[in-house]
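See structure below.
The values are calculated or read from the model by the stated rules, or taken from the named source; none is laboratory data. From a predicted model like this one, the values you see are computed outputs, not experimental measurements. Note: ideal-geometry Cβ built from the backbone for every residue, glycine included; neighbour counts use all protein chains shown. For accessibility, only protein heavy atoms count, side chains too; no ligands or nucleic acids. Shrake-Rupley method; radii C 1.70, N 1.55, O 1.52, S 1.80 Å.
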Amino acid sequence: MDIVKKRAYEIIQRKGYTNFGVAMAVAKLIQCVIRDEKKIFSVSVEANQEYNLIKGTVLSLPCIIGNEGIELKLSLSFDKQEEQELKAAAKNLDSAYTQIKN
């Protein structure tokens, strides 16, 4: 994760913005699908069942990406405090979404 943060700052320092960083990430995802590379990427996916969250909660989670797109969601383990914090965050996301939707 630190590598990603440092890379973003490096791009901003050189170019003034990071839109090419986003484009590069999308290009790598597309390449992975086309070549059926079966690599792990953190992508936004619905995560309610695995983590017992509010239905429709979307999180950035590690997934194996291949020619079928998301082929497998990898499960993360949390201790009690992390689990409580995740559920609180999911509740906040749901509340924000509900406000925007209405």
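Of all the C-alpha pairs in the chain, what % are more than 22 Å from each other?
Numbers: 2514 of 5151 pairs.
When every Cα pair of the chain is considered, 49 percent fall beyond 22 Å.
Taking all protein chains as present, what is the carbon and sulfur share of the accessible area of the chain, in % to the nearest whole number, probe 1.4 Å? List each step's numbers first, then the result.
Numbers: 4450 of 8120 Å².
Carbon and sulfur: 55 percent of the exposed surface of the chain.
In nm, what is the difference between 0.36 nm times the number of residues separating LYS91 and LYS6 and their Cα-Cα distance? Don't skip to the end; give the middle numbers.
On the way: separation 85, 0.36 × 85 = 30.60 nm, distance 3.05 nm.
The LYS91-LYS6 span can extend by a further 27.5 nm.
On average, how much accessible surface per residue is there in the chain, in Å², for a 1.4 Å probe, leaving out ligands, DNA and RNA?
Working: 8120 Å² over 102 residues.
Value for the chain: 80 Å² per residue.
Multiply the residue separation of THR98 and VAL33 by 0.36 nm, subtract the distance between their alpha-carbon atoms, and state the gained length in nm to one decimal.
Working: separation 65, 0.36 × 65 = 23.40 nm, distance 3.30 nm.
Answer, rounded to one decimal: 20.1 nm.
What is the dipole size for the chain, taken about its Cα centre, with +1 at each Lys and Arg Cβ and -1 at each Asp and Glu Cβ, in debye to the nearest 20? Spell out each step's value before the answer.
Values: 15 positive and 13 negative charges, 92 e Å.
Around 440 debye, computed over the chain.
Non-local amide H neighbours of SER42 (under 5 Å, H modeled in plane, Pro and chain starts lacking H): which ones?
For SER42, the qualifying residues are CYS63.
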